[in-house]
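S.K.: Have a look at this one.
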């Protein structure tokens with residue numbers, strides 16, 4: 001009988017689900033790392049929230065562990081590479097607490113607008129400082145939403161109901177989806193200039209980290225009020241403190257912090273700042289929903305092998321796996337390639353399957369391609385949530401299946417249409433299960449994708465390759481593989497180069513400045 005450990009507080013109903021499904025379950029909360037390491041070897045499943053840290057030492061001791069279930073969205077407390085290497089499936093519950101988090105953001109906005117916590121403390125102290133707490137109305141104000149996905153769209157709906165003018169910055173928000181929601185899609189600089197209230201609802205990625213820094217805070221409308229119930233690290237806390245002290249920012253309401261648990265913080269003690277201890281998902285309804293979801297998912301996997309909402313393993317049957325796995329890798333790589341090059345809203349995605357791959361489980365392959373495509377912008381996306389997110393954002397997804405044609409027996413082509421352009425990339429699987437790119441746009445080339453890649457589009461002119469190699473050599477960056485293709489002599493060309501390390505921004509700028517270079521971008525896989 002499979003055995004499950006619940007190491008964080010979950011609803012008693014979740015415990016009962018495990019028991020009703022025939023699993024043995026122990027509830028042991030508040031364990032420190034050493035205590036968890038001592039007992040984890042006895043369990044097949046581990047159900048957690050945010051307190052338990054699933055680190056490499058824990059996974060090394062978990063000899064029987066098959067699945068970790070996170071009741072909630074974020075899996076920052078789970079070492080995903082270590083779990084994957086150990087063969088441990090990591091599941092989450094991506095949509096169980098969306099309404100609760102959105103409502104908390106709205107509550108924080110009201111509290112900020114009317115100084116409710118400060119007025120409450122003053123009144124309890126018997127001061128009756130009525131003239132001190134002069135608030136502002138939200139009706140008619142501009143609400144700027146950074147990140148208009150699942151939670152952000154709920155906040156937008158509530159803001160419209162409050163008769164606010166809602167504007168949103170989200171590269172993946174299409175104009176059609178924005179129109180359906182009743183919001184105005186804008187660029188970040190426009191949002192900063194216009195918004196009276198700014199609320200953040202974006203995952204923490206390389207592109208969103210420190211998105212509200214000193215430079216962007218200075219671009220904000222004077223008197224702006226800022227709400228963050230998304231992720232710590234989106235705001236540079238010291239820069240926010242300075243902006244509040246200068247009077248440029250009127251105040252902030254924060255539920256998340258760069259370091260948690262936040263026992264000290266530069267913003268603590270400021271009269272203009274409201275803080276709560278990461279309560280976004282803390283309602284009875286949300287706690288119940290995610291606990292029940294994770295219990296059902298874990299029980300399904302341990303009893304039947306069904307995989308739901310997995311972060312690190314696609315939903316593939318045992319019979320399909322050997323043949324499908326290399327094509328899953330290819331599909332996700334094609335998606336990631338296109339996603340890292342896409343900087344505007346996606347309106348349509350077409351995945352073309354030709355030859356033998358067209359007879360496989362293409363739904364799973366499409367999910368893999370969407371996961372790779374969306375992940376650069378939306379970090380919290382997996383094989384299950386990707387199609388849901390695409391649908392929510394009005395991204396039209398279609399599959400085309402055809403018989404073998406051309407030089408390759410089988411291939412996958414991904415075509416991504418945005419507001420500005422259409423981009424295509426195709427690949428196949430060579431003998432030995434090795435994925436390869438075979439075409440970018442209309443340029444043919446064969447290339448494997450390594451961990452660090454450099455993508456350059458240029459005009460096909462003499463001297464370019466030498467100049468590029470010299471620039472990389474001068475920066476101490478070694479070339480592992482060099483792949484080149486062109487449309488025609490003297491026309492458009494593409495370089496796809498595998499290098500041994502990340503290419504610094506300064507070196508990218510040097511390459512961009514070389515003659516005949518159109519675009520340069522560092523990619524990672």
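The values are calculated or read from the model by the stated rules, or taken from the named source; none is laboratory data. Predicted model only: the values in this text are computed from it and were never measured. No Cβ is skipped: glycine too gets one built from the backbone with ideal geometry, and neighbour counts run over all protein chains shown.
S.K.: Could you run through the stretch 266-283 and say how many residues are at negative phi, surrounded by fewer than 19 Cβ atoms within 10 Å (Cβ to Cβ), more than 26 Å from the chain's Cα centre (by Cα) and free of Cβ contacts under 8 Å to residues at least 60 places away in the same chain?
M.R.: The qualifying residues number 4.
S.K.: Checking the condition in contact with a helix residue (DSSP H, G or I) (Cβ under 7 Å, 6 or more places away or on another chain), closer than 26 Å to residue 153 by Cβ and outside any loop (DSSP other than H, G, I, E, B), which residue from 425, 429, 416 passes?
M.R.: 416
S.K.: Of (1) part of a loop (DSSP other than H, G, I, E, B); (2) touching a strand residue (DSSP E or B) at 6+ places or on another chain (Cβ under 8 Å), residue 481 satisfies all except one. Which?
M.R.: Unmet condition: (1).
S.K.: Can you name the residue in the stretch 388-410 that is closer than 20 Å to residue 170 by Cα and out of contact with any strand residue (DSSP E or B) (no Cβ under 7 Å at 6 or more places or on another chain) and is also surrounded by the most Cβ atoms within 10 Å (Cβ to Cβ) among such residues?
M.R.: Per the stated criteria, the residue is 393.
S.K.: Sticking with this one: Any residue in the stretch 435-452 that is within 25 Å of the chain's Cα centre (by Cα), farther than 24 Å from residue 366 by Cβ and part of a strand (DSSP E or B)?
M.R.: So far as the stretch 435-452 goes, yes, one or more of its residues are within 25 Å of the chain's Cα centre (by Cα), farther than 24 Å from residue 366 by Cβ and part of a strand (DSSP E or B).
S.K.: While we're looking at this one, here's another question. Does residue 468 satisfy the criteria of being assigned to a helix (DSSP H, G or I), under 25 Å from residue 424 (Cβ atoms) and modelled with pLDDT of 90 or more?
M.R.: It is true that residue 468 is assigned to a helix (DSSP H, G or I), under 25 Å from residue 424 (Cβ atoms) and modelled with pLDDT of 90 or more.
S.K.: A further question follows. Failed condition for residue 41, given (1) surrounded by fewer than 16 Cβ atoms within 10 Å (Cβ to Cβ); (2) in contact with a helix residue (DSSP H, G or I) (Cβ under 7 Å, 6 or more places away or on another chain); (3) touching a residue at least 40 places away in the same chain (Cβ under 8 Å), with all others met?
M.R.: (3)
S.K.: Please work out which one of (1) free of Cβ contacts under 8 Å to residues at least 60 places away in the same chain; (2) out of contact with any strand residue (DSSP E or B) (no Cβ under 8 Å at 6 or more places or on another chain); (3) not in a helix (DSSP H, G or I) is the condition residue 205 fails and give its number.
M.R.: (1)
S.K.: Kindly state which helices (runs of 4 or more DSSP H) lie completely within the stretch 318-413 and contain at least 3 residues that are without any contact (Cβ under 8 Å) to a residue 40 or more places away in the chain and more than 24 Å from the chain's Cα centre (by Cα).
M.R.: 321-341
S.K.: Give the number of residues within the stretch 411-456 that are touching a strand residue (DSSP E or B) at 6+ places or on another chain (Cβ under 7 Å) and on the phi > 0 side of the Ramachandran plot.
M.R.: Summing the residues that are touching a strand residue (DSSP E or B) at 6+ places or on another chain (Cβ under 7 Å) and on the phi > 0 side of the Ramachandran plot in the stretch 411-456 gives 1.
S.K.: Still on this structure, please answer the following. Answer yes or no as to whether residue 458 is surrounded by 18 or more Cβ atoms within 10 Å (Cβ to Cβ) and assigned to a loop (DSSP other than H, G, I, E, B).
M.R.: The answer is no for residue 458.
S.K.: Inside the stretch 504-518, can you point out the residues that are in contact with a helix residue (DSSP H, G or I) (Cβ under 8 Å, 6 or more places away or on another chain) and surrounded by 12 or more Cβ atoms within 10 Å (Cβ to Cβ)?
M.R.: Answer for the stretch 504-518, where residues must be in contact with a helix residue (DSSP H, G or I) (Cβ under 8 Å, 6 or more places away or on another chain) and surrounded by 12 or more Cβ atoms within 10 Å (Cβ to Cβ): 507, 510, 511, 514, 516, 517.
S.K.: Does at least one position in the stretch 308-315 carry a residue that is in contact (Cβ under 8 Å) with a residue 12 or more places away in the chain, over 30 Å from residue 198 (Cβ atoms), over 22 Å from the mean Cα position of the chain (by Cα) and outside the structural domain of residue 120 (by TED's automatic domain parsing)?
M.R.: no
S.K.: Going by what's in this entry, would residue 158 be described as at pLDDT 95 or above, closer than 17 Å to residue 199 by Cα, out of contact with any helix residue (DSSP H, G or I) (no Cβ under 6 Å at 6 or more places or on another chain) and not assigned by TED's automatic domain parsing to the domain that holds residue 70?
M.R.: It is false that residue 158 is at pLDDT 95 or above, closer than 17 Å to residue 199 by Cα, out of contact with any helix residue (DSSP H, G or I) (no Cβ under 6 Å at 6 or more places or on another chain) and not assigned by TED's automatic domain parsing to the domain that holds residue 70.
S.K.: Limited to the stretch 312-335, what total is found for residues that are surrounded by fewer than 23 Cβ atoms within 10 Å (Cβ to Cβ) and either within 30 Å of residue 256 (Cα to Cα) or at pLDDT 80 or above (or both)?
M.R.: Adding up the residues that qualify gives 7.
S.K.: Which residue is modelled with the lowest pLDDT, if the candidates are limited to the stretch 491-503 and must be assigned to a loop (DSSP other than H, G, I, E, B) and surrounded by fewer than 20 Cβ atoms within 10 Å (Cβ to Cβ)?
M.R.: Out of the qualifying residues, it is 491.
S.K.: Next question. Before we move on, is residue 272 at pLDDT 95 or above and under 30 Å from residue 235 (Cα atoms)?
M.R.: yes
S.K.: Then there's this: Exactly one condition in (1) modelled with pLDDT under 95; (2) in contact with a helix residue (DSSP H, G or I) (Cβ under 9 Å, 6 or more places away or on another chain); (3) buried (at least 22 other Cβ atoms within 10 Å of the Cβ) is false for residue 225; which is it?
M.R.: Of (1) modelled with pLDDT under 95; (2) in contact with a helix residue (DSSP H, G or I) (Cβ under 9 Å, 6 or more places away or on another chain); (3) buried (at least 22 other Cβ atoms within 10 Å of the Cβ), only one is false for residue 225: (1).
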